[in-house]
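Notes to accompany the following structure.
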Amino acid sequence: MPQITYLHDDGSRVSLTVAVGANVMRTAIENDVDGIVAECGGAAACATCHVYVEPALAKRFPLPTEIEDEMLESTASERRPESRLSCQLNLPAGLDELIVRIPPVQVL
Amino acid sequence: MLDAESCVVIVGAGQAGFQTAASLREQGYAGRVVLVGDEASLPYQRPPLSKAHLKLEAEDAQLHFRPDAFFAEKRIELRAPDRATAIDRAARRVVLASGERVAYDHLVLATGTRPRRPEWPGIDLQGVHLLRTVEDARQIRARLQTANRVVIVGAGFIGLEVAATAGAAGLPVTVIEFAERPLKRALSAEMATHLLRAHESRGVTFMLRTSVASIDGSDGHVTGVTTTGGRQVEGDLVLIGIGVQPNTELAEAAGLAVNDGIVVDAHLVTSDPAISAIGDCARYPSVHHPGAVRLESVQNSVDHARAVAARIAGKPAPYDKLPWFWSDQGDLRVQMCGLSQESDDVVLRGTPESGRFTVLRYCGDRLTAAETFNNPAEHMTIRRILAAGGTLTREQAADPAFKLASAMPVTAAVAKPAPPPAEAPKDG
């Protein structure tokens with residue numbers, strides 16, 4: 001089974017075994033991973049489930065929709081090229097481990 | 001600050017109640033937390049109920065804020081389904097319907113609202129629905145599988161979201177609205193009119209300035225609606241979304257101040273210092289609006305909950321968060337931030353014809369609120385400007401070449417993550 005690994009800003013990490021297709025935000029919420037707030041519950045309306053996808057893996061995901069792209073402009077932590085809203089990310093097939101870094105803050 | 005021997009009781013396990021419990025633990029509160037909810041489910045999110053959750057493939061577990069294990073791990077004692085029937089303020093005890101009495105050091109009322117249920121003849125017919133709970137949504141979802149025509153009474157957010165969902169499923173939808181336009185209290189005429197046209201172009205029929213006289217049926221099942229003008233509108237699923245009323249009875253019976261909502265101060269404390277009220281049921285003084293307001297939104301619930309949890313954990317601060325809101329109506333996304341009054345006038349940024357635009361609301365020269373249509377970046381930028389105490393002049397707002405972000409007060413800095421550790425693990 002594949003894993004999603006969440007890296008925290010303080011260097012700690014948590015790895016979770018998931019099924020292909022698992023949503024990166026829901027997986028964090030269901031396992032109480034700190035730092036994913038997801039205020040809007042996955043509607044790409046709040047930008048509080050921001051993650052940095054490990055750059056080498058970023059291309060494994062479909063590009064952000066226009067809405068996600070615009071919401072990413074207003075994340076509480078700096079937007080980087082590998083920034084995504086985790087509610088819009090489902091684990092693609094063929095990946096053993098997805099690594100995402102959780103930014104220092106989600107809410108201003 | 002309450003110590004580890006204390007107990008916080010939260011009445012209401014919706015967004016505000018759940019968030020209070022979770023935030024108390026995040027803030028390091030070590031005492032007992034008892035969360036009382038009147039539904040059989042784990043605490044869940046309501047926004048999807050009028051949207052994705054009406055679709056066939058919806059699963060209730062996706063709505064849960066947290067799985068079962070979270071509550072044990074965080075020592076949140078969930079009493080559900082149960083219900084507070086009385087507050088004994090002198091003894092600081094809450095009486096539950098199950099008979100349990102729970103002593104509190106602080107009580108948080110997060111009792112929410114319930115949909116208004118009109119007294120129309122036929123209201124009890126099969127196929128007539130209100131929408132508030134996951135059970136309501138389950139019934140509507142089942143009905144949508146067999147329904148032929150949908151009638152929605154009330155062109156508010158719930159009504160329009162369901163109209164979009166039912167319309168996208170191929171059902172003919174008629175929306176009956178008492179006022180001359182949808183969302184009259186919530187949105188500017190410009191935005192509401194645009195939404196109306198957008199829904200019409202997707203096949204939804206609107207009957208404005210129209211009131212319901214009765215709901216009609218045969219064999220106990222709804223067949224349509226008769227208007228006060230005598231027109232008959234056919235439908236075998238009727239959804240009524242004509243607003244909500246706050247659940248204030250418990251507070252009122254306990255002698256707390258109530259005025260279309262439980263009245264609280266700038267710290268969200270009721271007329272009893274041992275009791276707070278938050279979320280949809282609370283009327284509070286907003287720094288963003290003259291007079292007290294009662295808001296029904298995720299943001300309001302979550303930010304109220306965080307504020308009360310912080311106060312209980314020893315970090316009190318007056319509540320000053322900027323309200324914001326979103327509504328997804330099929331492929332239409334409306335977002336709002338700030339608080340407008342109906343009398344505010346408008347400055348348009350962009351044009352409705354372009355498929356995205358923003359309505360900025362002004363009271364005199366003061367920017368009070370912004371409404372965006374399929375324009376999330378402008379929503380977020382204006383939201384942050386307002387939250388940071390900034391503003392836009394009417395000229396700046398109306399000028400499409402003006403970069404909104406340049407009006408951001410300098411204090412609204414963006415946090416930067418620490419540089420990745422040198423040994424950052426890479427994919428296998």
> Pick from B:Gly230, B:Gly203: which is closer than 24 Å to B:Arg141 by Cβ, part of a loop (DSSP other than H, G, I, E, B) and free of Cβ contacts under 8 Å to residues at least 40 places away in the same chain?
Replying inline: B:Gly203
>> If the requirement is being under 24 Å from B:Ser23 (Cα atoms), among the aliphatic types (A, V, I, L, M), surrounded by 15 or more Cβ atoms within 10 Å (Cβ to Cβ) and free of Cβ contacts under 8 Å to residues at least 24 places away in the same chain, which of these qualifies: B:Val298, B:Val293, B:Val264?
In response: B:Val264
> Do you know which of the residues in region A:46-67 that are within 11 Å of chain B (Cβ to nearest Cβ) and within 20 Å of A:Asp34 (Cα to Cα) is surrounded by the most Cβ atoms within 10 Å (Cβ to Cβ)?
Replying inline: A:His50
> For B:Arg209, are the conditions met, namely being in contact (Cβ under 8 Å) with a residue 24 or more places away in the chain and within 19 Å of B:Pro118 (Cβ to Cβ)?
Replying inline: yes
> Of all residues in region A:68-108, which are touching a residue at least 40 places away in the same chain (Cβ under 8 Å), facing chain B (nearest Cβ under 9 Å), outside any loop (DSSP other than H, G, I, E, B) and among the aliphatic types (A, V, I, L, M)?
Replying inline: A:Leu98, A:Ile99
>> Given the options B:Ile215, B:Ile240, name the one that is among the hydrophobic types (A, V, I, L, M, F, W, C) and either out of contact with any His (no Cβ under 8 Å at 6 or more places or on another chain) or more than 30 Å from B:Val151 (Cα to Cα) (or both).
In response: B:Ile215
>> Restricting to region A:13-24, give me the number of residues that are of a type outside the set (Lys, Arg) and within 11 Å of another protein chain (Cβ to nearest Cβ).
In response: 2
> Mind checking which residues of region B:247-301 are in a helix (DSSP H, G or I) and farther than 30 Å from B:Asp328 by Cα?
Replying inline: B:Glu249, B:Leu250, B:Ala251, B:Glu252, B:Ala253
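I'm trying to understand the selection: among the residues of region B:309-364, which are in a loop (DSSP other than H, G, I, E, B), closer than 22 Å to B:Ala179 by Cα and under 20 Å from the mean Cα position of the chain (by Cα)? Spell out the reasoning first.
Residues of region B:309-364 in a loop (DSSP other than H, G, I, E, B): B:313-323, B:330-331, B:339-344, B:350-351, B:355-356, B:364.
Retained after the next criterion (residues that are closer than 22 Å to B:Ala179 by Cα): B:339-344.
Selection gives B:Leu339, B:Ser340, B:Gln341, B:Glu342.
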> With respect to the numbered conditions (1) within 20 Å of the chain's Cα centre (by Cα); (2) within 14 Å of chain A (Cβ to nearest Cβ), which one is the sole condition not fulfilled by B:Ala369?
Replying inline: (2)
> Residues of region A:88-108 being modelled with pLDDT under 95 and under 10 Å from A:Cys49 (Cβ atoms), which ones?
Replying inline: A:Gln106
> Just a yes or no: is a residue in region B:306-313 touching a residue at least 24 places away in the same chain (Cβ under 8 Å), within 14 Å of another protein chain (Cβ to nearest Cβ) and closer than 24 Å to B:Ala398 by Cβ?
Replying inline: no
>> I need a count of the residues in region A:25-45 that are more than 9 Å from every other protein chain (Cβ to nearest Cβ), in contact with a strand residue (DSSP E or B) (Cβ under 7 Å, 6 or more places away or on another chain) and within 24 Å of A:Glu73 (Cβ to Cβ).
In response: 1
> So B:His106 clears everything in (1) at pLDDT below 95; (2) within 19 Å of B:Arg306 (Cα to Cα) except one condition, right? Which one?
Replying inline: (1)
>> Condition first: within 11 Å of chain A (Cβ to nearest Cβ) and either touching a strand residue (DSSP E or B) at 6+ places or on another chain (Cβ under 9 Å) or modelled with pLDDT of 95 or more (or both). Now tell me which residues in region B:50-60 satisfy that.
In response: B:Lys51, B:Ala52
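The values are calculated or read from the model by the stated rules, or taken from the named source; none is laboratory data. Just so we're clear, the structure is a prediction, and the values are computed from it rather than from any experiment. Neighbour counts are summed over all protein chains in view; Cβ atoms, including those assigned to glycine, are modelled from backbone coordinates with ideal geometry.
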